[in-house]
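This report refers to the structure that appears directly beneath it.
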Amino acid sequence: MGLYKYRIYIPIKIRSLRYTIQHQQNIIHTFQFQSSLSSLFTILFFPPIITMCTLEKRGDLFLLTLTGDGEHRFHPDTIATILSLLAQAKSQSKRGSVLITTAHGKFFSNGFDLAWAQTAGSKTGAANRLHQMVESFKPVVSALLDLPMPTIAALNGHAAAAGLILALSHDYVFMRKDRGVLYMSEVDIGLSMPEYFSALVRAKVGTSAARRELLLSGKKIRGEEAVGLGIVDTAAYDSAEGVVEASVRLGEKLAAKKWSGEVYASIRKSLYPELCGILGIEARVFAIPKL
Amino acid sequence: MCSLEKRGRLFILKLTGDGEHRLNPTLLDSLRSNINKIRSDKSSSESVLITTSDGKFFSNGYDLALAKSNPSLSVPMDSKLRSLVADLISLPMPTIAAVTGHASAAGFILAMSHDYVLMRRDRGFLYMSELDIDLEVPAWFMAVIRLKIGSPAARRDVMLTAAKVTADKGVEMGVVDSAYDSAAETVEAAVRLGEEIVRRGCDGHVYGKMRESLLREVLVHTIGLDESGSSRVRNTGSKL
């Protein structure tokens, strides 16, 4: 098989700094590690490149980044890390907090780690692994719906399948004009659509034509068309930096309002009752008014 | 308070005086009693309702100061507005809101509870203010928003940015039907629209039933109509 040269970036929970450790193959550091011991074994001896992500704070803004080049596919460990970082942002949130999610390189995310599913060795094994990823990703969508602060997805590049679902789980989606496509690949690769994926599309994409183009046509939708279909808010930028800058600008505008995160999240959830029902989240809307 | 006038086949309901037309229990009772008069009028099924206001405000929402000084009034205020909105939804005639001033929160909901929303562009805005004042939004408000504003992005802008929506922006967002250069022109346009509807001929009873069925989700939240749509249950307000 041969030895792979690899690096793992591990996000360490230190309150105000982003801190990464470069893990060399023959040195074992003691540190807090997200995965279980068996995954550690797998990583040391069968080292795949697992997408990791980091959480930074810039003033009022939380910046969640899927790091490194590559497709930023969601392996179970990636999903667990994203969940943990979202929980961290939630615990540190205050009035005026805003989350911006972005990624490095050509891809925002190309969806679930189907290669990992395939290494299960059998058809049923692969199906089980895919099912595991689909189920474990649900809490990510819930966490974003529940997050007590405005959320912006700054798409540096392609967003496909679960990667597009991650993007659409944000309040605002910004995209590049020159590069990057949106692509719900399920219809092309014969995968069935999880119920919460469809519910999210129904919640966020308003017209029947747009939903058809997104879910049924297998089209790779570029920025301008995505704006026209109402899938993203804007695609006016000619670079990844442009998208991120614009997201930061919007983030700062929203942060300046100093809204209550709890009220914000409650109103957000009440915009999407069907989706909340499918995810099992209770929108904390109440019958008796607290005027 | 409010006044009711009849002009031919048009009923003109006006929130009178220069104040903010805050929806306190007294004003809500007065509005409901006028709506009942309209409903029981002989010509109601061949008429049109236009709701408008004097002064700078259409309505600035619930009387929050009153609710603060007398918390026991919160529930009645909300339940009276629910009943008023339910009455508007079941009214056997088309309804037009001629928005000639600011409409915020509950006032926005009152405007949106009409079939047509005409608004002046020179002054005033629609504003769901709750996010700005740390107020949670009742589930039945959200039902009106979801049923009356079609675009998910527009709903997000209205609810999650507390946008101050001017008439022209409102037309763009699909929240307002048409915009006019002044308060007087807005009311004139509402009258013209009303007269055109009357000319076309409309069976108000059928119209009212259609509208109820279209806005069933709001009725479920406001008057406890059960999901199947049978109207056996007709409370006058909250499910307390």
For the condition crowded, with 20+ Cβ neighbours inside 10 Å and among the acidic types (D, E), what is the one hit in B:D78, B:D54, B:D122?
B:D78
Out of the residues in the stretch B:90-109 that are in contact with a Ser or Thr (Cβ under 9 Å, 6 or more places away or on another chain) and within 17 Å of B:M159 (Cβ to Cβ), state the one that is surrounded by the fewest Cβ atoms within 10 Å (Cβ to Cβ).
B:A105
Index of the failed condition, B:A103 passing every other in (1) more than 21 Å from B:L27 (Cα to Cα); (2) not in a helix (DSSP H, G or I)
(1)
For the stretch A:201-291, which helices (runs of 4 or more DSSP H) that fit wholly inside it have 2 or more residues that are among the acidic types (D, E) and more than 11 Å from every other protein chain (Cβ to nearest Cβ)?
A:223-228, A:240-255
Conditions: (1) over 18 Å from B:V137 (Cα atoms); (2) in a helix (DSSP H, G or I). B:V85 meets all but one. Number of the miss?
(1)
Can you tell me which residue is nearest to the chain's Cα centre (by Cα) among those in the stretch B:147-180 that are farther than 19 Å from B:S113 by Cβ and touching a residue at least 60 places away in the same chain (Cβ under 8 Å)?
B:A179
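Name every residue in the stretch A:146-160 that is part of a loop (DSSP other than H, G, I, E, B) and buried (at least 24 other Cβ atoms within 10 Å of the Cβ), in order of residue number. So that I can check it myself, show each step before the final result.
Step one: list which residues in the stretch A:146-160 are part of a loop (DSSP other than H, G, I, E, B), which gives A:147-150, A:155-157.
Within the stretch A:146-160, A:L147, A:M149, A:P150, A:L155, A:N156 meet the criteria.
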What is the number of the single condition among (1) crowded, with 20+ Cβ neighbours inside 10 Å; (2) of a type in the set (G, A, S); (3) modelled with pLDDT under 95 that B:S40 does not meet?
(1)
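State all residues of the stretch A:82-116 that are β-branched (V, I, T) and crowded, with 24+ Cβ neighbours inside 10 Å; if no residue qualifies, say none. Explain how you work it out, then say what you get.
Quick first cut of the stretch A:82-116, residues β-branched (V, I, T) only: A:82, A:98, A:100-102.
Correct list: A:I82, A:V98, A:I100, A:T101.
Yes/no matrix, rows are residues, columns are (1) of a type outside the set (D, E); (2) under 19 Å from the mean Cα position of the chain (by Cα):
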{"position": "A:A103", "(1), (2)": "yes, yes"}
{"position": "A:F107", "(1), (2)": "yes, yes"}
{"position": "A:N110", "(1), (2)": "yes, yes"}
{"position": "A:Q118", "(1), (2)": "yes, no"}
{"position": "A:G125", "(1), (2)": "yes, no"}
{"position": "A:E135", "(1), (2)": "no, yes"}
{"position": "A:V140", "(1), (2)": "yes, yes"}
{"position": "A:A143", "(1), (2)": "yes, yes"}
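For the stretch A:50-69, which positions are touching an Asp or Glu at 6+ places or on another chain (Cβ under 9 Å) and crowded, with 16+ Cβ neighbours inside 10 Å?
At the first step, the residues of the stretch A:50-69 found to be touching an Asp or Glu at 6+ places or on another chain (Cβ under 9 Å) are A:50-52, A:59-65.
Matches in the stretch A:50-69: A:I50, A:T51, A:M52, A:D60, A:L61, A:F62, A:L63, A:L64, A:T65.
Taking the stated definitions as given, is B:L49 farther than 30 Å from B:D168 by Cβ, touching a strand residue (DSSP E or B) at 6+ places or on another chain (Cβ under 8 Å) and not in a helix (DSSP H, G or I)?
Spelling it out, it is not the case that B:L49 is farther than 30 Å from B:D168 by Cβ, touching a strand residue (DSSP E or B) at 6+ places or on another chain (Cβ under 8 Å) and not in a helix (DSSP H, G or I).
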Name every residue in the stretch A:48-98 that is without any contact (Cβ under 8 Å) to a residue 60 or more places away in the chain, assigned to a strand (DSSP E or B) and not charged (D, E, K, R), in order of residue number.
A:C53, A:T54, A:L55, A:L63, A:L64, A:T65, A:L66
Residue count, the stretch A:181-200 (criterion: in a helix (DSSP H, G or I) and over 20 Å from A:S109 (Cβ atoms))
1
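Using the structure shown, decide if A:G121 is part of a loop (DSSP other than H, G, I, E, B), closer than 27 Å to A:M193 by Cα and either out of contact with any strand residue (DSSP E or B) (no Cβ under 7 Å at 6 or more places or on another chain) or modelled with pLDDT under 95 (or both). Outline the logic, then answer.
Working: part of a loop (DSSP other than H, G, I, E, B): yes; closer than 27 Å to A:M193 by Cα: yes; either out of contact with any strand residue (DSSP E or B) (no Cβ under 7 Å at 6 or more places or on another chain) or modelled with pLDDT under 95 (or both): yes.
The answer is yes for A:G121.
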Which numbered condition trips up B:A67, out of (1) at the interface with chain A (Cβ under 9 Å from one of its Cβ atoms); (2) surrounded by fewer than 19 Cβ atoms within 10 Å (Cβ to Cβ); (3) not in a loop (DSSP other than H, G, I, E, B)?
(2)
Report, by residue number, each residue of the stretch B:147-206 that is of a type in the set (A, V, I, L, M, F, W, C), more than 14 Å from every other protein chain (Cβ to nearest Cβ), crowded, with 19+ Cβ neighbours inside 10 Å and not in a helix (DSSP H, G or I).
B:V165, B:V176, B:A179
Of all residues in the stretch A:44-98, count the ones that are in contact with a helix residue (DSSP H, G or I) (Cβ under 9 Å, 6 or more places away or on another chain), over 20 Å from A:L250 (Cα atoms) and of a type in the set (D, E, K, R).
3
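Just for the stretch B:132-146: of the residues that are under 19 Å from the mean Cα position of the chain (by Cα) and not in a helix (DSSP H, G or I), which one is farthest from B:R211 (Cα to Cα)? Steps first, please.
Taking the stretch B:132-146 first, the residues under 19 Å from the mean Cα position of the chain (by Cα) are B:137-146.
Among the residues that remain, those that are also not in a helix (DSSP H, G or I) are: B:137-138.
Working: B:V137: 24, B:P138: 22 Å.
By that ranking, first place goes to B:V137.
On the given criteria, is A:A127 outside any loop (DSSP other than H, G, I, E, B), without any contact (Cβ under 8 Å) to a residue 24 or more places away in the chain and either surrounded by fewer than 16 Cβ atoms within 10 Å (Cβ to Cβ) or not acidic (D, E) (or both)?
Values: outside any loop (DSSP other than H, G, I, E, B): yes; without any contact (Cβ under 8 Å) to a residue 24 or more places away in the chain: yes; either surrounded by fewer than 16 Cβ atoms within 10 Å (Cβ to Cβ) or not acidic (D, E) (or both): yes.
For A:A127, the condition - outside any loop (DSSP other than H, G, I, E, B), without any contact (Cβ under 8 Å) to a residue 24 or more places away in the chain and either surrounded by fewer than 16 Cβ atoms within 10 Å (Cβ to Cβ) or not acidic (D, E) (or both) - is met.
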From A:L279, A:L271, residue being modelled with pLDDT of 95 or more and touching a Phe, Trp or Tyr at 6+ places or on another chain (Cβ under 8 Å)
A:L279
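The values are calculated or read from the model by the stated rules, or taken from the named source; none is laboratory data. Every value quoted in this text rests on a predicted model; they were computed, and no experiment measured them. Using ideal geometry, Cβ is built from the backbone for each residue, glycine included, and neighbour counts are taken over all protein chains shown.
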